[in-house]
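Report on the structure given below.
Derivation of every value follows stated rules applied to the coordinates shown; laboratory data play no part. Remember, it's a predicted structure, so these values are computed and weren't measured experimentally. Using ideal geometry, Cβ is built from the backbone for each residue, glycine included, and neighbour counts are taken over all protein chains shown.
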Amino acid sequence: MDTVLPVIDISNPTAETGQKLYEAASTLGFVYIEGSEFASDEVNEMFRLSKEFFSQPYDEKQTYAISEANRGYSCMNREVLDPTEKQGDPKEAFNFGQFQDDKAVQPLPPTFSRFEKDLADFSKKCHATCNKLLDLLAVALKIDPAQDGAEWFSSRHDLKQASGSILRLLYYPAVRNSDDENEIRAGAHTDYGSMTLLFQRAGEEGLEVLSPITNEWIAIPALQAKDSKSCPPIVVNIADQLSFWSASVLKSAVHRVKFPLHQCRSGVDRYSMAYFCHPADDTLLEPVPSPIIQSLEGEGANAVAKNGDEVLTAGEHLKRRLAAAYSWKQ
Ligand SMILES: O=C(O)CCC(=O)C(=O)O
Ligand SMILES: [Fe+2]
């Protein structure tokens, strides 16, 4: 399928790979990666677990209802990603927080507890993939080698420290009698962390990005894998915290999920999986020591997450965004 987003092979990354990633990250903020360490079997296995979990009765799933720590099950219409919408998104989700010593730090339903180690491995692999991409971006941003250089971002994403990183399984049930082509399944939003990996399946389309350049919605289709062993290209998008850190040079683009009409009518559900990669909670969201960013003047350089005069930490920023999406009291 044709796509306007580049597909970047990260199997043997060079400075040129980093430059391509930087170009995509600073224009649309969305890109596909291939040559990752994910095999098609392990991704399919995660989708199988997801399907098994969401097919269970509401009461069973609701036993694991989402907490303010952002872990657990979010039922239909629970989350409002676009605060201008009155109704919640017609989707379900299950969030896994960071695993510790391969154990979940939250109660798991039997479907997942039987595969706890696989889930922990998958989550860790997502995090390692993000750190690899973050190192490439740090090099492209020419971050001062005397101040962590290539590891500037990844050293702030150490899995041993508490963070908002979440592995999320998503389920958008088909609406067979819907005639509304504009029906939105996940409201327009930007992601809260530093970057997001998104796994989607062919034939279950709907993801769109609002181009920061043309202001038009662009479809982000599921692409085919290059061979039967590899997983299909993974969508990567820049999220708010990388945008704050880079004084908006890296774009946290607005995106949403629609349900293409022909798929609603044929009764196709959509399953997707996201890994929201976050820095450690106490990380300050101030501009990074990069000559590219320091040379900016005006508005861009001021795009820092602030609370009055105080620069926010990653943890504070996340708490605010979650409170808005789930109406938690602050
Ligand atoms: O399911 C998708 O394709 C996207 C979900 C998403 O954007 C999100 O949960 O932040
Ligand atoms: Fe998103």
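For this structure, a couple of remarks:
- Our summary gives the chain a relative contact order of 23 percent, counting only alpha carbon pairs under 8 angstrom and 6 or more residues apart.
- R0 of 41 Å, Cβ-Cβ distance Gln87-Ala146: FRET efficiency to nearest 0.05: 0.20
- For the stretch 143-162 versus the stretch 1-55, the spacing of their alpha-carbon centroids is 22 Å.
- Sparse-neighbour loop sites [GluC sites (Glu not before Pro); the stretch 192-280; at most 10 other C-beta within 10 Å; DSSP]: Glu216
- The string of couplings for the stretch 314-325 from the Karplus curve (6.51, -1.76, 1.60, θ = phi - 60°) is 4, x, 5, 4, 4, 4, 5, 5, 5, 4, 6, 6 Hz, one whole number per residue in order, with x for Gly and Pro.
- Only Lys, Arg (+1) and Asp, Glu (-1) charged, at Cβ; the stretch 1-160 dipole about Cα centre in debye: 320 debye
- Potential extension, Ala39-Glu183 segment - 0.36 nm per residue separation minus Cα distance: 48.5 nm
- Given Lys61/Lys258; Lys132/Lys251; Lys91/Lys226, the pairs whose alpha carbons are separated by over 22 Å: Lys61/Lys258; Lys91/Lys226
- Computed from point charges on the beta carbon alone (+1 for Lys and Arg, -1 for Asp and Glu), the dipole magnitude for the stretch 7-326 about its Cα centre is near 560 Debye.
- The chain: most fluctuating residue of Val288, Val105, Val43 per GNM, C-alpha cutoff 10 Å: Val105
- Across every direction, the projection of the convex hull enclosing the Cα atoms of the stretch 7-326 has a mean area of 16.5 nm².
- Additional length obtainable on full extension of the chain from Gln294 to Ala65, 0.36 nm per residue less Cα span: 78.0 nm
- Rh (Kirkwood; distinct C-alpha pairs) - the stretch 59-207, Å: 17.6 Å
- Normalising the Debye intensity of the stretch 124-268 to I(0), with uniform scatterers on Cα atoms only, and taking log10 at q = 0.13 Å⁻¹ returns -0.70.
- Within the chain, antiparallel bridges make up roughly 90 percent of the DSSP beta bridges whose residues both belong there.
- Working note: Karplus 6.51/-1.76/1.60 with θ = phi - 60° gives the stretch 213-227 the couplings 8, 9, 6, 10, 6, 10, 6, 10, x, 7, 9, 7, 5, 6, 8 Hz, where Gly and Pro are set to x.
- Listed values for the stretch 112-123 are Karplus-derived 3J(HN,Hα) couplings in whole Hz (6.51 cos²θ - 1.76 cosθ + 1.60, θ = phi - 60°), namely 8, 5, 5, 10, 4, 5, 4, 5, 5, 5, 5, 4, and x replaces Gly and Pro.
- Straight-line reach from Lys103: taking Cα to Cα under 19 Å and skipping same-chain neighbours fewer than 8 places apart, the lysines in range are Lys117, Lys124, Lys125, Lys160.
- 5 angstrom amide H check on Ser163, placed H, neighbours 5+ away: Asp281
- Between Ser228 and Glu216, the simple label model (points 7 Å from Cα in the Cβ direction) yields a spacing of 3.9 nm.
- Computed extension gain for Tyr58 through Asp158, at 0.36 nm per residue and net of the alpha carbon distance, reaches 32.4 nm.
- For Lys20, a cut-off of 15 angstrom between C-alpha atoms picks up these aspartates and glutamates, skipping any fewer than 8 places away in its own chain: Asp9, Glu34, Asp135.
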